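All of the numbers you see were taken from the coordinates with simple rules; none came from a lab. Quick caveat, the model's predicted, so the values are computed rather than measured. With ideal geometry, Cβ positions are generated from the backbone for all residues, glycine too; neighbour counts draw on all protein chains shown.
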Amino acid sequence: MTELNDLYQEVILDHNRRPHNFRVIDAASAKQEGYNPLCGDRLTLYLTLDGNVIKDAAFQGSGCAISKASASLMTDAVKGKSVTEARQLFEQFHAMITSEPGTPSDDLGKLSVFAGVREFPTRIKCASLAWHTMKAAVAHPSTALRASETDAPVSTE
Amino acid sequence: MTPTAHVPRPRSHAPAFDVAKVRADFPILSELVHGKPLVYLDSANTSQKPLSVIRATDDYYRHANANIHRATHLLSERATGLYEGSRKKAAKFLNAADPHTIVLTKGTTDGINLVAQSYGRSVLKPGDEILLSWLEHHSNIVPWQLVAEQTGAAIKVVPINDLGEIDPEEYVRLLSPRTKIVAVGHVSNALGTINPIKAMIAQAHAHGAVVLVDGAQAAPHLVIDVQDLDCDFYVLSSHKMFGPTGTGVLYGRKQLLEAMPPYQGGGDMISNVTFEKTLYNQIPYKFEAGTPNIAGVAGFGAAIDYLMSLDREAALAHEDAVLEYATARVREIPGVRIIGEARHKTGVLSFLLEGAHPHDAGTVLDQQGIAVRTGQHCAQPVMDKFCIPATIRASLAIYNTREDIDALVRGLHKVREVFA
């Protein structure tokens, strides 16, 4: 059960039980839906942007422990960062969860708890859903609000 | 159980069923998964294969590999013999009077698409209706949406009740002279509900509608008699009934198949080709364009032989006893909510465990060697009806035992420990 404990670390279980930033931002400058059709995980991400800086980030939705904890820690991590920094973090996070088990990866602080996901290929999409959604939200923040009402949600498929 | 779907099962003096012998026929059941003995509870997704099926596929490549219906040499004769032999076996399995009414397909999805595009597209007109049920698998929804869009026909959906059963009154209410096609599952893949299809077929016929039955989930469990059911189309997949993937059957009423235009064009489906006009082959070859999955069909024949060599009544009684045991044991676990409690069920136990998302439960169970399916089971409307994003689904076949269920229950307690 060692691998299982690697996947479900206390931090992840804790964020699943009590997710941070689990709320709606009424006056969000970007809103984006994310959906994993494989397991039905669904979230809505809200960002408040001040120029190029993410002032606030929050989410709502339902999903497995990995996806919920990932959204919780992602919204924590990107708050106060510039859009460029957030994109960079996405790349680092993505590299970490898709790297070969045993290979070293960047120290991502609290986000490193997701390193165990790479032992579970079927769960990588759960961990990356919130990040893909964030990436889509900052890509066109001015249109995201409008687009989210009509366009298909971003998907990890 | 519907009285028409199978022979009655007197529980008190059910004949003996040697599950240990059956298990020994399936080599994969002795596989270790994460160092633990495999507990395979995902047969509704795909079933495991007995040695006879694996051998039949292997034998075809070793001793008979050639194209069918096309050459004069001995290997082609052997290949054609195996292929047509499986068609005859499928006809017997379904109690179809004529093997020419058996179209070999890629599987259930292919069969439904064939009927939707060939039959549906040629008969449907704007204002016509296709009647589905809320229980359907996506593969018995989307092909009809495609043809509805092409023809201007409308889709109507029969609701289900809180037990996961089709509402019989609503079904009758929704039938009308506008109903041209009824497409309904024999057994629900997500919940295990056995639908009263014989009665539903008779009611549809009274309104002049043609009925397609999706039998993918019924075939490994129930005795199927297309003449007794009086259905117009019956589709199933080899891989759910212990055969290889990539093949299956469409049974069609002879007059309907004969009148239907081809689905795909190519070799084998023609009798004469010129650039001015092509004449199509007779049924069923008209619907079998291209070189098919011959090895798969050879294995499918072996799977039918395997199923028919069993005492089906005893096998079903065994499966029902294990399902009953599983339902009782899983229900005892605190925080469990069972989804789908139809009075007539087979092979499926769908449920939720409070505090643990199905996907997380699936991972924890897998680490203990227990294979279940978690998610929407390609039946999103069913999930929506119960306002849930997903379920944990343990599904059974003839080789499952009470010990498998005990392992599942221990596994679920472990899930509770992790997510308590």
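Computed values, structure above
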{"read-out": "Distance in nm between pseudo-label sites at A:A27 and B:A420 (7 Å out along the Cβ direction from Cα)", "value": "4.6"}
{"read-out": "Reciprocal of mean inverse Cα separation for chain A (Kirkwood radius, Å)", "value": "15.4"}
{"read-out": "Helical contribution to [θ] at 222 nm, DSSP H n ≥ 4, -39,500 (n - 2.57), averaged over chain B, rounded to 500", "value": "-11000 deg cm²/dmol"}
{"read-out": "Cβ-based net charge around B:V336, under 11 Å, with every Lys or Arg adding one and every Asp or Glu removing one", "value": "+2"}
{"read-out": "Positive dipole terminus of the stretch A:52-116, leading residue within A:V53, A:S99, A:S112 (C-beta point charges)", "value": "A:V53"}
{"read-out": "Calculated over the stretch B:298-420: convex hull of Cα atoms, volume per residue (Å³)", "value": "124"}
{"read-out": "Alpha-carbon centroids, the stretch B:276-342 and the stretch A:52-121: separation in whole Å", "value": "42"}
{"read-out": "Within the stretch B:257-273, backbone nitrogen closer than 16 Å to the virtual label 7 Å beyond the Cα of B:Q150 toward Cβ", "value": "B:260-266"}
{"read-out": "On Cα atoms only, tilt of A:83-98 relative to the major axis of chain A in degrees", "value": "30"}
{"read-out": "Most mobile listed residue (B:L323, B:L310, B:L396) in chain B, GNM with C-alpha springs under 10 Å", "value": "B:L310"}
{"read-out": "Positive-end residue of B:G185, B:L279, B:M260, charge dipole of chain B with Cβ unit charges", "value": "B:L279"}
{"read-out": "Estimated dipole of the protein assembly as shown in Debye, rounded to 20 [Cβ of Lys and Arg +1, of Asp and Glu -1, Cα centre]", "value": "400"}
{"read-out": "Highest-fluctuation residue, A:T84, A:T44, A:T98 considered, GNM on chain A with Cα pairs under 10 Å", "value": "A:T84"}
{"read-out": "Given chain B, longest segment not containing exposed loop GluC sites (Glu not before Pro) (DSSP; at most 13 other Cβ within 10 Å)", "value": "B:32-275"}
{"read-out": "Under 15 Å, Cβ to Cβ, from B:Q264 - net charge with Lys/Arg +1 and Asp/Glu -1", "value": "0"}
{"read-out": "Rounded D (µm²/s) - the stretch A:22-78, Kirkwood Rh over Cα pairs, Stokes-Einstein at 20 °C, 1.002 mPa s", "value": "185"}
{"read-out": "Eligible lysines near A:K79 by straight Cα distance, threshold 26 Å, same-chain separation 8 or greater", "value": "A:K31, A:K55, A:K68, A:K110, A:K125, A:K135"}
{"read-out": "Theoretical gain in end-to-end length, B:N95 to B:A71 [0.36 nm per residue, Cα-Cα removed]", "value": "5.5 nm"}
{"read-out": "Degrees between helix B:402-419 axis and first principal axis of chain B (Cα, 0 to 90, nearest 10)", "value": "70"}
{"read-out": "Dimensions (Å) - the protein assembly as shown, Cα atoms, principal axes, largest first", "value": "72, 57, 54"}
{"read-out": "Highest-MSF residue in chain B out of B:H377, B:H359, B:H318 [GNM, Cα springs under 10 Å]", "value": "B:H359"}
{"read-out": "Acute angle (nearest 10 degrees) that the helix B:74-94 long axis makes with the longest principal axis of chain B, alpha-carbon atoms", "value": "60"}
{"read-out": "Dipole magnitude (debye, nearest 20) for chain B, charges at Cβ of Lys, Arg, Asp, Glu", "value": "360"}
{"read-out": "Normalised per residue, the volume of the convex hull around the Cα set of the stretch B:352-420 (Å³)", "value": "89"}
{"read-out": "Taking B:V235, B:V172 and counting other C-beta atoms within 10 Å, the order from fewest to most", "value": "B:V172, B:V235"}
{"read-out": "Largest-first ellipsoid semi-axes for the stretch B:19-117, taking √(5λ) over the Cα gyration tensor eigenvalues, angstrom", "value": "30, 20, 13"}
{"read-out": "The stretch B:54-308 - convex hull of alpha carbons, volume per residue in Å³", "value": "117"}
{"read-out": "Test item: Cα-centred dipole of chain A, Lys/Arg +1 and Asp/Glu -1 on Cβ, debye", "value": "360"}
{"read-out": "Distance from the stretch B:195-250 to the stretch B:351-403 (C-alpha centre basis), Å", "value": "25"}
